[in-house]
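Taking it in order: structure first as structure tokens, then the write-up.
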Amino acid sequence: MSRTRFSAALLASFLVPSTALANPDRTFDPLSMDRHTPETTVGIDFGYEFWDDPPGFDDIGVFGLTIGGHYMSASGLGGYLALPLSYINIDPVLFNGDSELAVGNIEAGVAYSKWFRTNTAVVFHGGLTLPTADDDGPGSFQYYASVPRYGDLVQRVPNSTWLRLGVSPMGREGKLFWRADLGLDFAIDDDNNAGDLSPILRLNLGGGVDLGAVTLLGELVTNIVDNDNGDDSASTLALGARFASGTLRPGVGLLFPLGFESSNGQQQEYLDFVLLASLAVHIDTN
């Protein structure tokens, strides 16, 4: 086979219709972006953060864990629930070397999905985070655990209630996936100075390629925070993969911080990277 014919065949293999694949997903389950999809899904997300001796700490260990899911009916109406948990281990300088598994702000809401083409959809979602986040001892540092899904920062702000609104268009063309998230978070109380962070604009963009049993993913998550000193923005970049096994979609990845800054405006280098692990379970409700 000539080089030209080989190149054409390789390109065609990436652009074949999705019906050529066995039981293909029409959208992908993100590792770090918003979780909402048109398909009923239950998921567990885990993030282990690698910190390089942040100021004021001899050592800090941070694990982020979220258990949640969303139900979507055949009509497109649905709802979702998320329970964020954070394991924080602080060096002996603070809290006598204590550690704690802390509960974050439980979030519940409604969703509506609409398919515009066979493989193109949009999901609208809105909900409330309840002020359930622990604010005692190591639990008061649980905002560190928001990095694995940085768009869910408000789930780990203690003593605060938030209104969250978002829209997520997504789709597939051949073996290629794409997705975007646009959202706004508003603090609806002023406890713990939550109003200093409000509103938060969320802008996410991601996609991947379906290779059959594995989907390779890249995801950019950005928060823009409005405060008295001007707008602050920071992002995370996740690179990873999900694997298909029946209704199970386990995933792994690495996440890197981009543009995180300290209070004096200097570049923050203390968070090196995050190891991601995730399991999404698809449930047929149609």
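The values are calculated or read from the model by the stated rules, or taken from the named source; none is laboratory data. Source: prediction; values computed, not measured. Cβ atoms come from the backbone with ideal geometry, glycine included; neighbour counts cover every protein chain shown. Calculation scope for accessible area: heavy atoms of the full protein, side chains included, ligands and nucleic acids excluded. Shrake-Rupley method; radii C 1.70, N 1.55, O 1.52, S 1.80 Å.
Stretched out fully, how many nm does the piece from D135 to V42 gain, at 0.36 nm a residue minus the Cα gap?
So the extension gain works out to 30.7 nm.
How much length would be gained if the chain were fully extended between L216 and L258, taking 0.36 nm per residue of separation minus their Cα-Cα distance, in nm to one decimal?
Once the chain is fully extended between L216 and L258, it gains 13.0 nm.
Express in nm, to one decimal, how much length is gained between E173 and Y71 on full extension, taking 0.36 nm for each residue of separation and deducting their alpha carbon distance.
Here the segment from E173 to Y71 would lengthen by 34.2 nm.
If you take the beta carbon distance between I224 and I283 as r and set R0 to 35 Å, what does 1/(1 + (r/R0)^6) give as a FRET efficiency, to the nearest 0.05?
Computed FRET efficiency for I224 and I283: 0.55.
Once you put a point 7 Å from the Cα of I188 and another 7 Å from the Cα of R117, both along the Cβ direction, what distance in nm separates them?
About 3.7 nm, to one decimal.
What does the accessible area of D29 come to, in Å² to the nearest 10, when a probe of 1.4 Å is used?
Estimated to the nearest 10 Å², D29 gives 10 Å².
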